[in-house]
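Values in this text are rule-based calculations from the coordinates and carry no lab data. Computed from a prediction, not measured in an experiment: that's the story for all the values here. Positions of Cβ are backbone-derived with ideal geometry, glycine not excepted, and every protein chain shown enters the neighbour counts.
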């Protein structure tokens, strides 16, 4: 009986964080690993606690073959829209990687990288995309913690710029901060 050859090959996973936020950047990450890569606990970053994401991020830094991320700021989001800013961040994160991979899988419906495949819920179903999801989320959360130091009235440390009830209340009370996305409809943010 002939042996089935299953040589390891490199796979890239791409995902973003911050698309639905009202403030701060959108961050995309690309993660590269062998097709047999496995790390216990990997999942879509939205399904993990902040503590667990930080733990996995530390492991991923050492376990992945390569990774990269790109943050596209709120000014660019306002100028070109969130979808285009997300696709730009994905392309730039991927361009920073060293070497070539056999397969590029992107979470979502868009495939902005030449030769990539878009897959809905890939951040839940493909481990290397889960890794990219965690990297993007941790990097973005750390950026928002920095912004909390700059604009403490907005409590970015608690909601990371997402449209929580607290965040909407603080916008209503203080107006928009310098890092809010000004093209987002404020009436929707404030619940009018």
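A few points about this structure:
- Tallying residues that are within 13 Å of residue 14 (Cβ to Cβ), more than 11 Å from the chain's Cα centre (by Cα) and assigned to a helix (DSSP H, G or I) within region 101-139 yields 2.
- Top-ranked residue of region 122-170 - restricted to ones that are without any contact (Cβ under 8 Å) to a residue 12 or more places away in the chain and touching a helix residue (DSSP H, G or I) at 6+ places or on another chain (Cβ under 7 Å), ranked as farthest from residue 52 (Cα to Cα): 166
- Residue in region 128-147 that is on the phi > 0 side of the Ramachandran plot and surrounded by fewer than 21 Cβ atoms within 10 Å (Cβ to Cβ) present: no
- Scanning region 20-48 for residues that are crowded, with 16+ Cβ neighbours inside 10 Å and under 16 Å from residue 143 (Cβ atoms) yields a count of 10.
- Scanning region 177-187 for residues that are in contact (Cβ under 8 Å) with a residue 40 or more places away in the chain and either assigned to a helix (DSSP H, G or I) or in contact with a helix residue (DSSP H, G or I) (Cβ under 8 Å, 6 or more places away or on another chain) (or both) yields 177, 179, 180, 181, 182, 183.
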